[in-house]
Protein chains: 2
Amino acid sequence: MRVKKLNRKPSLIGWGSVVGKRESEGPLSDDFDIHDKGECFGMNTWEKAESEMQRIALNTALAKAKMGAESIEAVFAGDLQNQCVSSVFGLADFGAPFFGLYGACSTFAEALLLSAMLVDGGNFDTCAAVTSSHFCVAERQYRFPLEYGGQRTPTAQRTVTGAGAAIISSANGNFPRITEVMPGRIVNKGIKDANNMGAAMAPAAIDTIRDYFNETGYSPEDFDLILTGDLGAEGHATAMDYLLGYGIDLRKNYSDCGLMIYDINRQDMHAGGSGCGCSASVICGHIMKRFEKGELKNVLYVATGALMSPSTSKQGLSIPGIAHLVRIEAGRR
Amino acid sequence: MRVKKLNRKPSLIGWGSVVGKRESEGPLSDDFDIHDKGECFGMNTWEKAESEMQRIALNTALAKAKMGAESIEAVFAGDLQNQCVSSVFGLADFGAPFFGLYGACSTFAEALLLSAMLVDGGNFDTCAAVTSSHFCVAERQYRFPLEYGGQRTPTAQRTVTGAGAAIISSANGNFPRITEVMPGRIVNKGIKDANNMGAAMAPAAIDTIRDYFNETGYSPEDFDLILTGDLGAEGHATAMDYLLGYGIDLRKNYSDCGLMIYDINRQDMHAGGSGCGCSASVICGHIMKRFEKGELKNVLYVATGALMSPSTSKQGLSIPGIAHLVRIEAGRR
């Protein structure tokens, strides 16, 4: 059994979301706590700007949870920068025990999942999950310097400039709860096109979602929303098609954070958004707001990651994917 | 309280260690399960060789634990390659739920710690912790291509070519146990010299070791061995000096995996070994062998990591460190 039922149903007691210019011009604009009119957040490098987004996101989440940083027993954090330095420099000053994660774009789900399991097991009372990504940092690290003005293919996704932070707690009260989790496996179906991450990650989403429904016996109608992290237009369509072939019909209530964060056509965003900050900011902004308003009561969040590097692509290796699942339900324990 | 007492005392039921040429020529040679006469492990790139070491290490650990990969409910793994791809490509075929970690050279302790907490909390019955590093990969990624023949400073450490894997289980029996853990905090004392990681990481080791003894009331004599991961000659001396200033006298029983794995003078290894594979291979090779022989009964293992990247160094930032603590005790529950 890969699905883990969390009997203590850890609460999400605070959340914060921070985004850049393009994300603040998209359809979810009103749901993010803080945005910058550009991409710099008052810093003199994009790398430092990304760290600053994590700092602001965690402060916002702590304020909403009405607690100080000294209450956090463990921070689970990660990002896409080499050696995950955005998280380190953004979160060092909180002084909390720190666990660095790397799950590419799945990292926010990985962080929520580990936080929730450790609160469920009684190891910690209060954890934080924080992740980020930054368009300008990712472009120069993974692709081309921005000054080069490289063209993007139609299947390419845009790395979201954004961060999200959530506080996971054993506290009682009328909070959204993490009620089930399912860790992902590495799935590699041989896709080598680094400009089509949706295709590379979809098999992992399919593996996790299929096994979840098979193990639990639930059907998609049991959920208000089934939400992948950042499969984008390509991966979203692929996952829906294949799962339909397995008898799992997601046509009514399946969306993807990478498709929600931008108005793809109006903003010319090709296949949609991606990056650790994509689903982190959508969950900690838009989705949590809808839980607060009572519009959502039962959500399956499945974040996918492409576990490759520029070196593995240059050495001719295909792109493995992973998908971690977190179920969030409204209300009292 | 940062120290977490693990009431179920998770067992270490299997372990495997794999090293390269230089490590197999060092003082611990006989204690490693497998070594290559070179650095390639039958692969055509060093990156793939590193993945292969992780695969062999985990297979060795599973064989010793007399179980198949299907028993593993979660693998916690990491390495120093950008985007942690060594772990992904080395462990994908095991098909186990996968959690990617990044804690630089502290990653093996981070993996043991999370595995042990989740087994202690009842979330999982069987986890695996696997990490690696590879000298040739690290040189070209972090420093210079080997062909360049760059000179190293006296304070520089050599990245160990090695991997270690351990199986952490809720099983009963006469196994070494993880009885306490203490997650590290990010500590940054302003060191900027990327050729002196020992100095950069020592403050984190001091922070964790000092707080451990203060919180628990133990003294160093209560342990057979206190072992840091890879502070090397510089960091080992610094940590010992500062801790003496705090009234914690480590002069009798404190060593460092980076100092143990090489005969520093004979092998011309400057300040000693480093890398995720350093303490992983020493713990899963030498230390576990000494537990089996009954020579060790109570060990504090504190692995440190330098949480920087080449970019942060180029942008003038100092080097943050972290130190995670794992206490291993012999014998029955």
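Throughout, read-outs are computed from the coordinates displayed, never taken from laboratory work. Just so it is clear, the model here is predicted, and its values are computed rather than measured. With ideal geometry, Cβ positions are generated from the backbone for all residues, glycine too; neighbour counts draw on all protein chains shown.
With the charge dipole of region A:177-329 set up from +1 on Lys and Arg Cβ and -1 on Asp and Glu Cβ about the Cα centre, the Cα lying farthest toward the positive end among the listed residues A:Thr312, A:His270, A:His286 is that of A:Thr312. Hydrodynamic analysis of region B:177-329 uses the Kirkwood radius over alpha carbon pairs. Inserted into Stokes-Einstein at 10 °C and 1.306 mPa s, it gives a translational diffusion coefficient of 102 µm²/s. In terms of its alpha-carbon gyration tensor, region A:4-169 comes out prolate; a/c meets the 1.5 threshold, and the first ratio a/b outweighs b/c.
Centroid-to-centroid, using Cα positions, region A:90-118 and region B:61-86 are 20 Å apart. With the dipole of the protein assembly as shown worked out from charges on the C-beta (+1 for Lys and Arg, -1 for Asp and Glu) around the Cα centre, which of B:Val75, A:Ile206, B:Ala65 lies farthest toward the positive end? Final value for the positive-end residue is B:Ala65.
What FRET efficiency, computed as 1/(1 + (r/R0)^6) with R0 = 56 Å and r the Cβ-Cβ distance, is obtained for A:Ala171 and B:Gln151, rounded to the nearest 0.05? My answer for the efficiency is 0.50. May I ask you to evaluate 6.51 cos²θ - 1.76 cosθ + 1.60, the Karplus curve with θ = phi - 60°, for each residue of region B:201-209 and list the ³J(HN,Hα) values in order in whole Hz, giving x for glycine and proline? These are the phi-based 3J(HN,Hα) values: 8, 4, x, 5, 4, 4, 4, 6, 5 Hz. Estimated from helical segments only, the mean residue ellipticity of the protein assembly as shown at 222 nm is -9500 deg cm²/dmol, where each DSSP H run of four or more residues counts as -39500 (n - 2.57).
Residue by residue, region A:270-283 carries 3J(HN,Hα) couplings of 6, 7, x, x, 8, x, 4, x, 5, 6, 4, 6, 5, 5 Hz when phi is fed to the Karplus relation 6.51 cos²θ - 1.76 cosθ + 1.60 (θ = phi - 60°); x denotes Gly or Pro.
Taking other residues whose beta carbon is less than 11 angstrom from the beta carbon of B:Gly305, and scoring Lys, Arg as +1 and Asp, Glu as -1, yields -2.
Across A:Asn59, A:Asn253, A:Asn196, mean-square fluctuation computed from a Gaussian network of chain A (C-alpha pairs under 10 Å connected) peaks at A:Asn253.
In this structure, the pairs whose alpha-carbon distance is over 27 Å, taken from A:Lys5/A:Lys289; B:Lys21/B:Lys48; A:Lys37/A:Lys64; B:Lys252/B:Lys293; A:Lys252/A:Lys289; B:Lys4/B:Lys314, are B:Lys4/B:Lys314. Looking at region A:4-169 alone, DSSP beta bridges between its own residues are antiparallel in about 60 percent of cases. Straight-distance candidates among the aspartates and glutamates for linking to A:Lys9, with alpha-carbon spacing under 14 Å and chain neighbours fewer than 8 residues away dropped: A:Asp120, A:Asp125, A:Glu180, A:Glu329. Counted over the protein assembly as shown, the DSSP beta bridges are approximately 65% antiparallel.
Computed extension gain for B:Asp193 through B:Lys314, at 0.36 nm per residue and net of the alpha carbon distance, reaches 42.5 nm.
When the protein assembly as shown is described by a simple charge dipole with +1 on each Lys and Arg Cβ and -1 on each Asp and Glu Cβ, the residue from B:Ser169, B:Pro97, A:Ala233 located farthest towards its positive end is B:Ser169. Counting Lys and Arg as +1 and Asp and Glu as -1 over every other residue whose Cβ lies under 12 Å from the Cβ of A:Asp224, the net charge comes to 0.
Coupling constants for region A:211-218 follow from the phi torsions by the Karplus curve (6.51 cos²θ - 1.76 cosθ + 1.60, θ = phi - 60°), and in residue order they are 5, 4, 5, 5, 6, 8, x, 5 Hz; glycine and proline get x.
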